[in-house]
Amino acid sequence: TGNTPEASESGSGSGGNNAASSNDDPGDTVVIGFSAPAADHGWMAQITAAAQAEADRYEDIDLRVAEGTNDVSAQIAQVETFINDGVDAIVLLPFDGDAMTPIALEAMQAGIPVINVDREFSDPNAARVTVLGDNYGMGISAGQYICSELGDQPDAVVAEVAGIDSLPLTQERSQGFADALAECGLDVDNRVAAEFTVESGEEVTANLLQAAPQIDAIWNHDDDQGIGVLAAITNAGRDEFFMVGGAGSANAMRSIQAGDSVLQATVIYPASQAADGVRLARLLAQDKGLSDLTDVEVPRQITLSAPVVTADNVDQYIDSAFES
Amino acid sequence: MSTPTTQAPPATGTAPRRGTGGSFLSGSVGRNAGLVIALVILCVVGVVTAGDRFASTDNLITILRLAAVTGVVSIGMTFVIIGGGIDLSVGALVALSSVWATTLATQALADDIHWIVMVGTALLVGGLAGLVNGVVIAYGKLVAFIATLAMLVAARGLAEILANRRTQTVKNDGFLDFFTASPLGLPALVWIFALVAVVGWVLLNRTTFGRRTFAVGGNAEAARLAGIRVQRHTVALYVLSGITCGIAAVMLMARTTTGSSTHGTLLELDAIAAVVIGGTLLIGGRGTIVGTVLGVLIFTSLSNVFTLNNISSSAQAVAKGVIIVLAVLLQQRVAAGRKQRRSPASTPPTAADGAPAGASPGVPAP
Amino acid sequence: MSTPTTQAPPATGTAPRRGTGGSFLSGSVGRNAGLVIALVILCVVGVVTAGDRFASTDNLITILRLAAVTGVVSIGMTFVIIGGGIDLSVGALVALSSVWATTLATQALADDIHWIVMVGTALLVGGLAGLVNGVVIAYGKLVAFIATLAMLVAARGLAEILANRRTQTVKNDGFLDFFTASPLGLPALVWIFALVAVVGWVLLNRTTFGRRTFAVGGNAEAARLAGIRVQRHTVALYVLSGITCGIAAVMLMARTTTGSSTHGTLLELDAIAAVVIGGTLLIGGRGTIVGTVLGVLIFTSLSNVFTLNNISSSAQAVAKGVIIVLAVLLQQRVAAGRKQRRSPASTPPTAADGAPAGASPGVPAP
Amino acid sequence: MSSGDGALLQMQGIVKTFPGVRALGGVDLDVRAGEVHCLLGQNGAGKSTLIKVLAGAHQPDEGEIRWDGEAVRLTDPQAAMKLGIATIYQELDLVSGLSVADNVFLGRERSRFGLSRPAAAHRATSALLERLGHPEIRPGTEVGALSAASQQMVSMARALSQDARLIVMDEPSAVLDNEEVERLFAVVRDLTADGVAVVYISHRLEEIRQVGDRITVIKDGRTVATGLPARETPTREVISLMTGRTIEYVFPQRTERAAVTAAPLLEVDHVTVPGHVDDVSFTVAPGEILGLAGLVGSGRSEVLEAVYGARRPTSGEVRVDGQKLRPGDVAAAVAAGVGLAPEERKSQALLLGDPIYRNITLSSMARFARGGFLSVRGEKAAAREQTEALDLRPVDVDREVRTLSGGNQQKVVLARWLLRECRVLLLDEPTRGVDVGARSEIYALVRALADRGVAVVVVSSEIPEVLGLADRVLVLAEGRVLADRPATALDEHQVLDLVMQGTPTHTSKGHVA
Ligand SMILES: Nc1ncnc2c1ncn2[C@@H]1O[C@H](COP(=O)(O)OP(=O)(O)OP(=O)(O)O)[C@@H](O)[C@H]1O
Ligand SMILES: Nc1ncnc2c1ncn2[C@@H]1O[C@H](COP(=O)(O)OP(=O)(O)OP(=O)(O)O)[C@@H](O)[C@H]1O
Ligand SMILES: [Mg+2]
Ligand SMILES: [Mg+2]
């Protein structure tokens, strides 16, 4: 599941790159509560699936997966249930980091380590460890890639197909993208927002392509909706531009590898974060450290990088990419 | 309800139907016996499968606290639906109220004066948006479904603009302290829910406002001919619903310490489902607060039991669908059985016998 | 529609309503003059703000193609709603059908035999799920809202389990070639939409089935006593809706080259909104296919115009809410005006006069 | 009885137009305090529209209303109620989900600080119902569970509760039986003795003679006669004023029937519906008209419903032409050639929002369909034929049934079964709300159908109607058959006696579910 094949500090991966460490030896059974938003798109589904798969690798992990929900109030109740239940650790991918902060604090105060995944809490004390994808960095990476391709054309038309617009992470990605483009004198000429689903991707892109008769580059935040984005592009018979994806699904990477579509590159947003979280939760609960690191204590924050995958390096990533 | 034979179609308003008011215990709860049984079964399943983890006080409080937000909105929704309308905008109004009550400006004002300013803002915003709904529906004569759908879309957009799509954190300690306290061992949110439910019950069953709500929803023409100002009453119902959204916003703000344009997503479906499962007719004129409260509790306990038993979300979804159908069928059978016992002479209900309006969105159970 | 003077409440069944069938042009379109005007205004705005980018053939085809999926589902929904029901499960059924029709097994079968197997699977799955809806509602006597809500939850869960939450890619070239072709310059999807709309119109207005649908939705008891098998007919309506979901699934598979459990998210709201904005009463017994088609086109053009003008999604939302309300108000005024002209002697509509039932979810425009 | 000459109410030149219809084209009406003023007119003449104008429910286009000599504007129902005008509408205007007491005080709830006082309302309601002679209706009962007659009493109680100076009653007796009409009249006389004026609308001319003081006749939305003395004006004159024709108000000649020996067409064998129908058996021969007499609540409607399959009997069977009908299956009964014109036309028979022709062809659709495709033209032509035969107004078959007057709506239902050409026709109160002219036409029609070999069963609360129209009469009480005799062998008093014998106490008629 790991998208970081070079065995990054996250130390995760069903690839088992570092599975040799003694940390994998069975210990006391650890009950881990896991709560994430509704698995209403491939990346999020993969997050839960990877967490489950990670837990299955260890016979000493008992993972309690709460129903994915986009209702913060319901997600709070799930964490409350975990606290009542006295689980040993909680891996939490909040629908809204700020909104989940108080309940996470409560859990920490109750002595349950909370591993915050993907969307950050507003209070650092609310989590023992924070595993983050780098949303702003993703936008930067995408922007820089486009700059490198188009930097010499100040009039180039750049379009953006964002994800769910009301999520802060979308804002961060767009911000990073805009900032990086500004570096080379470009800006976003057309922007639409989809819902992370194939269908919405197709729909907004169909309209986008009508709005912009001539485009040089498109950044699409999410490879799930990207399938729809590509379908719309094929339907419209357009190929005058190149496209950069986001998240890094296997599908997208195969497309890049084949080089048969406008998709030239994608920016990885690791779907392994929750799996990392589960693994860290186990270590914390069993009072172990990260023996592979110099500082064996589990660190407070881990930010996963957002590398750009192109035809040149796709082979390196494709095996660990998630199927959406 | 009566024997299905004589069940008239919803559109005629002459269908024999179940009682509305009635005394609290013998009436409302009795009439909702099926729901109570469904809830009890759910609890038994919870205890059997999760043991003490389910039956603990903490867990029950968790269920109640989760039920509180949806519950408050559902009470307002009950009024609107009994009055013959529907309010799809509740989730968006919760979001808008929460955002408005947590803007920097409002919070600054709250710091200067008192945190009650934030509460007032939330209620005011909810109430005003409800007023707009009501006026458009009653005087503009727009179909409620469309008018409140438009409000849903617009209010969420406005909330996003106000909040600039960021989550706004509540900084005011007075506010947080007040609403996260647990007087007498019950969280403030649960107290608020209880209060709103009781006030709602009294308002619906013991005041002229409540009587008129039934009349407006049951037969608006008759209500008009009886001298009730139907339009004005309709507006009042949507304002009421908007105010409950404001209350729910305050509760969410307390629970999450944030105001956000994503609060209350799909809350409208939860609320309507709770109201309808609680026996309120979608065509109006009929419904109970107790049924709504039971409906909310059933949905909340269901997810709690699922979470405790670690069922995968997809399987949960399938199970939830089946359980909803079973719960309502149970409620119907029990109600039919009670009816039988009360009037032993009446025909046993048979499938072939009448029950013509299965197709209708609001047809009561036989 | 008539002057508000005589507007009676829905619950009494005496509300003045618009005609149902009528000849195609003078009737349906004429009755929907307000919607046509709204659509024209929208187009004018599109041309003014986006010029050729809006008025180009490509763009119009884009609009039509995007309208097609929602459109097909809305046609089925129109039948269900006219028949006095509601189907909240359509989005989930689209997802389930699309997933089932794109499983490895189905695709293997399709490769062996013919891609029509995939189409057949989608239609069959949709139809069967509709059958379950219909049986639970007509014979189990569950409120349609709850029964189809349960189906929504369950079908999406089942789709997730089937697909293991993966997006399944359509590999069959025959299928893709057929459905992405553009005979006579119009995309296949648009042809399908047109075909479904025409068949739906004929079925509703020119056959005994359609006539029974109006009767069942208008007054189920009267329909039963007139010798119509109401329960059986109700089942047929939900099966019909399920089949349109299957068709929509095929169209989505063609459009996105995938089957996915996330297809059709919130499609139910879009479809119901289109049906209702098209003038179909939520209480049943009244509605037109033409109105529904116009409703779908209005919603689709709206997003198109917004995108062409590069408006932020939040501002789009606010504007959309306001425009929906304005469009419906316009439709009402125009209809009232037409009525006036037809009967010059009649009273000018006054607010004081009647119009009691603003509250009802299904109240027609005056 | 009429006290004082100063008119309490004067309406002059009232004009009211609906889209496409001029319902009132200049009506005058003056009512004195303490009198019973009868309003007569054919179906669709505009009586109900006039009283709705008076009640503030409709705004007139033109005309003047004077109350106590002063011009008033009745902008809404409240304005009329404030003046002291109480109205009992023709269409029951109750909220079926609310209790009796709630309905009586709807809009004028007994309350203190906004909190309702159910006990006070219940007490007051009990007193009113007692005064109306219906103590058995409990104030807490839900109105939807009451029979139509009891609901009428609730409307009445509501009017009385307003302490009005003028009470308008639009066909209050339509759903009542003889005895209840008598009690109603007693109340009316009490009221007028107290100086309250009553506007009384009915199609039963004998009632007008019993209770009325003066008559106003409306024809096609215009007053054609006013202030006629109710008792002295000859029936013939009233009818000709109403209809513009002279019609003999008589029943059609019974056909001399040797047919009694013919094999029965409809056989009802020991049918029991618990609580409603108790072991009822009878047969009807082709060409025979069977009348069912009995008090309201005696189970006559239920017998028809059981025969028709709308209600499922627990035992017994129904045969048509020797073929057993599937119990509880209306469609099977219709397919076997049985038709039912139900008691509550609005809720049970009509698609109010649909045009007339669709209502008429609803049960005969197959005839106009080829391969499921309908010929609307054929439908309309056939419907027009029926409306002409029944003198249904308006003649435009595209008109929505909702906009028709009550009596014309009844004709639409009859037209449906005439078109269907059934072999067995079940008519539940076929002339309820139908004017005298149309009544005679309906009688003639029913007889003509019988002569064509149709077996007809008629339920009516008007005993003379049953006796006059039917060949044979079944007297029912509490769901049992008390007598089965040729109509000629019975008279009104005998029927009433039978009914009374079969009904031990009259409170047992409690119409409570
Ligand atoms: N809401 C309405 N819209 C259109 N036309 C109407 C409406 N109400 C009544 N009419 C028409 O007005 C005329 C008078 O109807 P009204 O109900 O006053 O008759 P009526 O004298 O009470 O008849 P009946 O004895 O059958 O009750 C009829 O032609 C009727 O069709
Ligand atoms: N919906 C109902 N539920 C329970 N009981 C009912 C219902 N409708 C009628 N009844 C009861 O059934 C009995 C027969 O009623 P119904 O009025 O149909 O008799 P009927 O002889 O046909 O009188 P009518 O002259 O009014 O037609 C009465 O006791 C009545 O109260
Ligand atoms: Mg009348
Ligand atoms: Mg009866």
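None of the figures in this text is laboratory data; all of them are computed from the coordinates on show. Only a predicted model underlies this, so the values are computations on that prediction, with no experimental measurement involved. Note that each Cβ is placed from the backbone with ideal geometry, even for glycine, and that neighbours are counted across all protein chains shown.
Dividing the convex hull volume of the alpha-carbon atoms in region D:294-402 by its residue count gives 148 Å³ per residue. What the Cα atoms of region A:97-233 give is an Rg and a Dmax of 17.8, 58 Å. Just want the answer: with Cβ charges of +1 for Lys and Arg and -1 for Asp and Glu, which residue in D:444, A:231, B:134 is farthest toward the dipole's positive end in the protein assembly as shown? Going by the charge dipole, the pick is D:444. Taking Cα centre as origin and charging only the Cβ of basic (Lys, Arg, +1) and acidic (Asp, Glu, -1) residues, the dipole magnitude of region D:354-477 rounds to 460 debye. Pairwise Cα distances in the protein assembly as shown exceed 62 Å in 21 percent of cases. Please identify which residues in region B:152-188 have an amide N closer than 18 Å to a label point set 7 Å out from the Cα of residue B:116, following the Cα→Cβ vector. Residues passing the 18 Å test: B:172-180.
Where only DSSP H runs of four or more residues are counted, chain D gives -9500 deg cm²/dmol as its mean residue ellipticity at 222 nm, each run worth -39500 (n - 2.57). Please determine, in degrees from 0 to 90 and to the nearest 10, the orientation of helix D:376-389 with respect to the longest principal axis defined by the Cα atoms of chain D, where the helix direction is its Cα long axis. Approximately 70 degrees, to the nearest 10. By the rule of a C-alpha distance below 16 Å, with chain neighbours fewer than 8 residues away ignored, the lysines paired with residue D:52 are D:16, D:82. Model label points for residue D:270 and residue A:179, set 7 angstrom from Cα along the Cα-to-Cβ axis, are 9.2 nm apart. Model label sites at residue C:173 and residue D:236, defined 7 Å from Cα along the beta-carbon direction, differ in position by 9.7 nm.
Taking a quarter of the surface of the convex hull around the Cα atoms of region C:252-302, what do you get in nm²? Walk me through the numbers on the way to the answer.
On the way: hull surface 17.5 nm².
With the hull built on Cα positions only, its mean projection is 4.4 nm².
Shown for region B:24-359 is the translational diffusion coefficient from the Stokes-Einstein equation, using the Kirkwood radius over Cα pairs, a temperature of 37 °C and a viscosity of 0.692 mPa s: 158 µm²/s.
Could you give the alpha-carbon Rg of region D:154-237 over 2.2 N^0.38 Å, rounded to two decimals? Intermediate results must be reported in sequence, preceding the final value.
On the way: Rg = 13.2 Å, N = 84, 2.2 N^0.38 = 11.8 Å.
Here the Cα radius of gyration is 1.11 times the empirical estimate.
Of all DSSP beta bridges confined to chain A, the antiparallel ones make up roughly 10%.
Anything over 28 Å Cα to Cα? Flag those among A:288/B:320; B:141/D:219; D:47/D:346, in the order listed.
Details: A:288/B:320 39 Å; B:141/D:219 36 Å; D:47/D:346 19 Å.
The pairs that break the limit, which is 28 Å between Cα atoms, are A:288/B:320; B:141/D:219.
Couplings 3J(HN,Hα) for region D:104-121, derived from phi with the Karplus relation 6.51 cos²θ - 1.76 cosθ + 1.60 (θ = phi - 60°), are 4, 9, 4, x, 9, 4, 6, 8, 9, 6, x, 7, 6, 10, x, 4, 4, 5 Hz, where x marks Gly and Pro. Taking the square roots of five times each eigenvalue of the Cα gyration tensor of region A:165-284, the equivalent ellipsoid has semi-axes of 27, 17, 14 Å, listed largest first. To check you understand DSSP bridge types, tell me what percent of the beta bridges within region D:7-243 (both residues inside) are antiparallel, rounded to 5. Beta bridges within region D:7-243, antiparallel portion: roughly 60 percent.
Could you pull out the GluC sites (Glu not before Pro) across region D:260-336 that fall in loop regions by DSSP (anything but H, G, I, E, B) with no more than 11 other Cβ atoms inside 10 Å?
Working: sites: D:267, D:288, D:302, D:305, D:317; in loops: D:288.
The qualifying sites: there are none.
Here, chain A yields an orientationally averaged convex hull projection of 15.5 nm² when only Cα atoms define the hull. Taken about its Cα centre, region D:7-243 carries a charge dipole of roughly 380 debye when the Cβ of each Lys and Arg holds +1 and the Cβ of each Asp and Glu holds -1. Normalised Debye scattering of chain D at q = 0.13 Å⁻¹ gives log10 I(q)/I(0) of -1.36, counting only Cα atoms as equal scatterers and leaving out solvent. Residues within the reach of a label modelled at residue D:255 (point 7 angstrom out along Cα to beta-carbon, backbone nitrogen below 16 Å), restricted to region D:430-453, are D:443-453.
Note down the net charge around residue B:103, summing +1 for each Lys or Arg and -1 for each Asp or Glu among other residues with Cβ under 15 Å from its Cβ. Every neighbour counted, the sum reads -1.
Here the 3J(HN,Hα) profile of region D:44-51, calculated from phi with Karplus coefficients 6.51, -1.76 and 1.60 at θ = phi - 60°, is x, 5, x, 4, 5, 4, 4, 6 Hz, Gly and Pro shown as x.
Note: region D:7-243, Cα convex hull, 126 Å³ per residue. Between D:412, D:323, D:355, the Cα set farthest toward the positive side of the dipole of region D:300-415 (charges on each charged residue's Cβ, about the Cα centre) is that of D:323. In this structure, residue D:123 and residue D:497 have a Cβ-Cβ separation that, at R0 = 41 Å, corresponds to a calculated FRET efficiency of about 0.65. Spin-label model, residue C:232 to residue A:300: label points 7 Å out along the Cα-to-beta-carbon direction sit 7.4 nm apart. Ordering B:245, A:184, D:422 by the number of other Cβ atoms within 10 Å of each residue's own Cβ, fewest first, gives A:184, D:422, B:245. Report, for chain D, the % of DSSP beta bridges that are antiparallel, rounded to 5. Percent antiparallel among DSSP bridges in chain D is about 55.
For residue D:75 and residue D:391, a Förster radius of 41 Å and the Cβ-Cβ distance give a FRET efficiency of 0.65, rounded to the nearest 0.05.
Counting only Cβ charges, +1 for Lys and Arg and -1 for Asp and Glu, the dipole size of the protein assembly as shown around its Cα centre is about 6580 debye. Round to the nearest 10 and give me the degree value, 0 to 90, for the angle of helix D:492-502's Cα axis relative to the longest principal axis of chain D. Helix D:492-502 sits roughly 80 degrees off the main axis of chain D. Here is the short version for the protein assembly as shown: B:43, B:245, C:43, C:245, D:38, D:422 have no other Cys C-beta closer than 4.7 Å.
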